1. What size of dipole, in debye to the nearest 20, comes out for the stretch 1-116 about its Cα centre when the only charges are +1 on Lys and Arg C-beta atoms and -1 on Asp and Glu C-beta atoms?
2. Summarise the accessible area of the stretch 73-133 (1.4 Å probe, protein heavy atoms) by the percent that is carbon and sulfur.
3. Counting only residues 5 or more places away or on other chains, whose amide H sits under 5 Å from the amide H of T269 once H atoms are built in the peptide plane?
4. Pairs K225/K283; K195/K220; K97/K126; K220/K268: which exceed 22 Å Cα-Cα?
5. Leaving ligands, DNA and RNA out of it, work out the accessible area of K36 with a 1.4 Å probe and give it in Å² to the nearest 10.
6. Answer with a single label: of (1) 50, 45, 36; (2) 85, 47, 42; (3) 79, 41, 35, which was calculated as Cα extents along the principal axes in Å from the structure in view?
7. Whole-Hz Karplus ³J(HN,Hα) for the stretch 176-185, in order, using 6.51 cos²θ - 1.76 cosθ + 1.60 and θ = phi - 60°, x for Gly and Pro?
8. Quick check: with the 1.4 Å probe, what order do S147, S208 take by accessible area, largest first?
Amino acid sequence: MTEYLRMSGMYWGLTAMDLMNSLDRMNKQEVLEFVKECQHDCGGFGASVHHDPHLLYTLSAIQILILYNCIELIDVERAVGYVQSLQLEDGSFQGDKWGEVDTRFSFCAIACLCLLGRLEAVDIKKATDFVLSCMNFDGGFGCRPGSESHSGQIYCCLGFLSLVNGLDHVNVDMLGWFLCERQLPSGGLNGRPEKLPDVCYSWWVLASLKMLGRLHWINKDKLIKFILACQDEETGGFADRPGDMVDPFHTLFGITGLSLMGSDERIKTVNPIFCMPQHVIDKLGIHLQLL
């Protein structure tokens with residue numbers, strides 16, 4: 001039942017373990033063998049063995065290999081070629097050969113290439129112009145031009161702009177206000193107006209505010225209380241809201257939210273663009289623009 005997102009599920013779990021100084025408790029060899037099996041001849045990675053390749057899972061696979069410092073185990077040039085093949089004439093990226101276009105894929109493409117040290121493989125100017133065409137009157141970003149602003153898309157577009165040194169195009173205070181307005185009386189954050197709070201937005205919203213230098217615009221104490229209320233006392237995992245079923249997705253983003261706020265010294269510092277431990281990104285020497 002989980003095959004369709006297994007690669008990303010492994011990334012969520014492994015990153016959470018690394019942030020909690022426990023990556024050595026996972027079966028490294030088994031993980032690496034699985035990732036290698038999921039690379040196709042085209043260079044892209046599927047969610048599981050025999051699943052079609054997609055940018056989402058290609059990024060997750062590369063992130064896993066970078067976590068383990070084992071990127072040499074795969075054919076890097078083919079992976080670069082796969083990402084390159086998905087850029088369209090207007091600068092946007094489709095997620096796979098079936099053609100869906102979304103700013104999430106713009107971020108995934110550039111994040112993949114940045115981690116591999118191959119940003120020159122695509123047209124950065126066109127890619128940037130497309131992302132900026134998705135900016136709205138409220139300062140936020142949607143999945144395509146004219147689409148509603150959403151915190152998840154905002155994170156993807158800001159992450160993209162950070163990697164290409166383009167954050168100067170953003171109206172920082174207007175966008176910062178949109179993001180801090182996502183905090184509800186419960187202390188939790190939502191993705192857009194009139195929606196319920198969800199622990200995962202502790203990542204999408206906070207990471208965006210971190211990139212903008214506006215992390216102090218939300219009430220950290222209330223948000224920490226909300227995140228901790230979503231942790232299950234028996235399993236240790238986190239759910240989207242208090243009392244719901246826990247899962248690896250919300251567990252990672254609960255932990256990364258706590259990391260961004262520096263609320264627990266036992267949690268490593270997380271990088272706000274890649275959602276990976278900061279020490280891993282430091283070793284790569286990647287330049288990131290933060291305001």
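The values are calculated or read from the model by the stated rules, or taken from the named source; none is laboratory data. Computed from a predicted model, the values in this text were never measured in an experiment. We place every Cβ from the backbone using ideal geometry, glycine too, and count neighbours over all the protein chains shown. Each accessible area value is taken on the protein alone, full model and side chains, heavy atoms only, with ligands, DNA and RNA left out. Shrake-Rupley method; radii C 1.70, N 1.55, O 1.52, S 1.80 Å.
1. 280 debye
2. 54 percent
3. Placed amide hydrogens put Q278 under 5 Å from T269.
4. Too far apart for the 22 Å limit: K225/K283.
5. Roughly 100 Å² of K36 is accessible to a 1.4 Å probe.
6. Correct label is (1).
7. Running phi through 6.51 cos²θ - 1.76 cosθ + 1.60 with θ = phi - 60° gives x, 5, 4, 6, 5, 5, 6, 7, 9, x Hz.
8. Solvent-accessible surface, decreasing: S147, S208.
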